[in-house]
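Read the structure below first, then the notes.
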Amino acid sequence: MPATSSPSSSPQRAPRAAKRPAADAYRPVLGRLPILEVSPVVENGAWPAKAFAGEVVPFSAVAFREGHDLIGVELLLTSPSGTSIRRRMSPVNPGTDSWCTTALLDEHGTWRFHVEAWADDVATWWHAATIKVPAGIDVDLMLAMGAELLERAADACGTADEAAWLRDEATTLTKGRRPATARLDALDEHGVLDYLTSNPLRSLVTESREYEVLAERERAGVASWYEYFPRSVGAVRHEDGSWSSGTFRTAESRLRDIAAMGFDVVYLPPIHPIGRAYRKGPNNSLEAGENDPGSPWAIGSAEGGHDAIHPELGTEADFRHFVAAARKEGLEVALDLALQASPDHPWVREHPEWFTRLPDGSIAYAENPPKKYQDIYPINFDNDPKGIRAEVLRIVRLWMRRGIRIFRVDNPHTKPVAFWEWLIHTVNAQEPDAVFLAEAFTRPAVMRTLAKAGFQQSYSYFTWRNTKEELEEFLDSISHETDAFMRPNLFVNTPDILTEYLQFGGRGAFKVRAAIAATAAPLWGVYSGYELFESVARAGAEEYVDNEKFEYRPRDFAAAEARGDSLAPYLTMLNAVRRAHPALRQLRNLRLQASDDEAVLVYSKLLPAEFTGTGAADAVIVVANVDPHAVRETLVRLDLPSIGLEPGSRYDVTDAVTGQTWSWGEVNYVRLDPFNEPVHILSVNNPT
């Protein structure tokens, strides 16, 4: 039956129509010449776009005018020190009105930029004149129009000699005795057109709004990471089953070897006291034995919390000595920042309001169904946000005073993004060299928002992208879709991640993943043991069996290398190639190429000569067989201009893996054997 209302009930009101703004209140969006889709821009300028000092950044926009008249477009950059730079933008993708240029951001700090478009009167006239004059149409009119433009240019030029030259050319154009077409051609022959291209006549000048690009220190965008547990290095198991933990002093013994492999960041999992309550045993078992060290991520005990050092690792003086020893080897230390607590953490006693209390009176422990982490209490950031912010900021600044400038943040997606935005910007306001890496394997929107909000680096889905199709989509996305705000750090493995590709792919799989990670992105990393081809997983999981998170894992790297049973020489080669090729230290220059095989991935990177610092362009081609179980033979098809060569060129390529050199062209045969060498890393000789 129809609904009724009682006489006392309030009548339903119709929605109120939106009030139309007064005509004089409207603020036009467009200038005289439309300038749209300016890039790199993050959320319409809500946050600055990302770059690092030394990065070559592409800038683009869509700009046009009505009708057929031609326009010019320029990028106007202001460096952090106040230097103004103009770069002419070129049309790309005909029919789209898209314009692009690249610029080297060589200063650390905030760059400001906008795009300027103008009516290019000379180019419009020249286009019409070169059609009409040879056809005998409006000849005198076209020459007169050209002379007027030259007079305008003379009035605007910087020197008297240039003005006199342009006026002479204007007179010759209209009053010369040579045929009209010859007088027109003389403008090109005499360099007038080149001069007016470099010093254009601008009318209807229109500017976009101003945007920002934050160029952070190079390590924020270029680094090779190596992760290891200091407690495992030098750990000794005794006959009674007890262990003596490794220490910072024993862990220093690995630094020289790590540096020798070419890594420049050593990342340490949490080094704080570990709780006893609900301590996990081997392979994440619920019961720990007397000699089990527990998970470093279960932070806090009677010995202290996030500001303390596990007593078995050493003292604060030992830690500072470790940081100094790393620095002597050219290494920077990154420390884990895991905002959670074991049940024994001092916070649980001193600030119980920082945790979630369940109806039965217990504190909620961490869960990621079906996984349960009874040894870890997550923090509730909404109960005392002011107090929590003050404490975390204190901790970060404490470790910075102890020599840390890079923080790998554990599971930031389980904390409010607004908190991270506040923390990172607060820290960077005083310490602009601080770098935060987000370990957030989560939904794309969350990962991307964390990056936009300030995280300088991000873990990514790379470990789970293994087929050619998956990798092409992934590499194109990180280099051209999210590059304005997200810097992916391509770790090949972690203590938590041992993919099926590595479990069952054999040694060729380890080479393939490392080669792609090291060449596709300026940031990459490995977790200790990768060089030993560790590939045995806990049953039914993508985690290592006998996981180092829960026990000591001393390794004999030297013996493996002496047996020829180590990937260390290959990793060393990869990092050497990265240092030798500036093109590989860029992200946005990656270009996918083609092959005829569904398992052969091909991509290239080019850095033009003006940006390399050597006076020569740098081009690298990577060809990878991503099938670790079979030899693949196929044809590789290259777009030569994308690697700095003219179509149809012949050129030499040298493989960094084998040292062999071949003569290549547009179409090239390759044979890649996963049981020998599954990847070519080819330097192109003499690209333009």
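The values are calculated or read from the model by the stated rules, or taken from the named source; none is laboratory data. The model shown is predicted, which means the values in this text are computed figures rather than measured ones. As a convention, Cβ positions derive from the backbone with ideal geometry for all residues, glycine included, and neighbour counts pool all protein chains shown. Heavy atoms of the whole protein, side chains included, go into the accessibility calculation; ligands, DNA and RNA do not. Shrake-Rupley method; radii C 1.70, N 1.55, O 1.52, S 1.80 Å.
Descriptive notes on the structure:
- Loop GluC sites (Glu not before Pro), the stretch 30-111, which have at most 16 other Cβ atoms in a 10 Å radius of their Cβ (DSSP): Glu66, Glu107
- With all pairs of separate Cα atoms included, the stretch 610-688 yields a Kirkwood hydrodynamic radius of 13.4 Å.
- Computed P(r) (all Cα pairs; the stretch 551-606; 10 Å bins; percent): 19, 27, 29, 22, 4
- Cα-derived Rg to Rh of the stretch 180-310, Kirkwood definition: 1.50
- The smallest convex shape that holds all Cα atoms of the stretch 614-654, its convex hull, gives 115 Å³ per residue.
- Working note: 222 nm ellipticity from helices only, DSSP H runs with n ≥ 4, each -39,500 (n - 2.57), summed and divided by the residues of the chain, gives -8500 deg cm²/dmol to the nearest 500.
- Cβ-based net charge around Phe455, under 13 Å, with every Lys or Arg adding one and every Asp or Glu removing one: +2
- Of the listed residues Arg578, Arg443, Arg389, Arg209, the order by accessible area with a 1.4 Å probe, largest first, is Arg443, Arg209, Arg389, Arg578.
- Whole-angstrom gap from the stretch 316-381 to the stretch 72-123, using each part's C-alpha centre: 46
- Counting only protein heavy atoms and using a 1.4 Å probe, the accessible area of Tyr461 comes to about 60 Å².
- Remark: the stretch 495-509, residue by residue, has Karplus-estimated 3J(HN,Hα) of x, 8, 10, 10, 6, 4, 4, 7, 4, 10, x, x, 5, x, 4 Hz, where x stands for each Gly or Pro and the curve is 6.51 cos²θ - 1.76 cosθ + 1.60 at θ = phi - 60°.
- The Cα atoms of the stretch 569-650 define a convex hull whose projected area, averaged across directions, is 6.7 nm².
- Per residue Cα convex hull volume in Å³ - calculated over the stretch 479-591: 126
- Note that the stretch 133-218 carries a Kirkwood radius of 15.0 Å, evaluated over its alpha carbons pair by pair.
- Proportion of all alpha-carbon pairs of the stretch 48-117 beyond 14 Å (%): 59
- Entries in Lys468/Lys511; Lys452/Lys605; Lys549/Lys605; Lys415/Lys605; Lys415/Lys452 that, when Cα-Cα distance is taken, lie over 27 Å: Lys549/Lys605; Lys415/Lys605
- In the chain, taking the dipole from charged Cβ atoms about the Cα centre, the farthest positive-side position among Ile404, Ala119, Ala541 is held by Ile404.
- Extreme residue, positive dipole direction of the chain, given options Tyr552, Val631, Leu574 (C-beta unit charges): Tyr552
- Dipole magnitude (debye, nearest 20) for the chain, charges at Cβ of Lys, Arg, Asp, Glu: 1320
- For the chain, share of DSSP beta bridges that run antiparallel, in % to the nearest 5: 75
- 5 Å-binned pair-distance histogram of the stretch 404-463 (Cα, whole percent): 4, 20, 34, 24, 12, 5, 1
- For the residues Arg349, Arg217, Arg327, Arg167, a 1.4 Å probe over the protein chains yields an accessible-area ranking, largest first, of Arg349, Arg327, Arg167, Arg217.
- Long-range Cα-Cα pairs in the stretch 194-260 (distance over 19 Å), rounded percent: 68
- Value of Rg/Rh across the chain [Cα atoms, Kirkwood radius]: 1.07
- The orientation-averaged shadow of the Cα convex hull for the stretch 300-369, equal to a quarter of the hull surface, comes to 6.8 nm².
- Distribution of pairwise C-alpha distances over the stretch 371-519, 5 Å bins, in %: 2, 8, 16, 19, 18, 15, 11, 7, 4, 1, 0
- Hits among lysines - C-alpha to C-alpha of Lys175 under 20 Å, sequence gap 8 or more where chains match: Lys132
- Rounded Å value of the spacing that divides the Cα centres of the stretch 582-660 and the stretch 192-216: 33
- Surface/4 estimate of mean projected area, convex hull on alpha-carbon atoms of the stretch 534-688, nm²: 11.9
- Its Cα gyration tensor gives the stretch 158-202 an equivalent ellipsoid. The semi-axes, each the square root of 5 times an eigenvalue, are 19, 13, 8 Å from largest down.
- Neighbour cut-off at most 14 other Cβ (10 Å), DSSP loop, trypsin sites (Lys or Arg not before Pro), the stretch 588-665: Arg650
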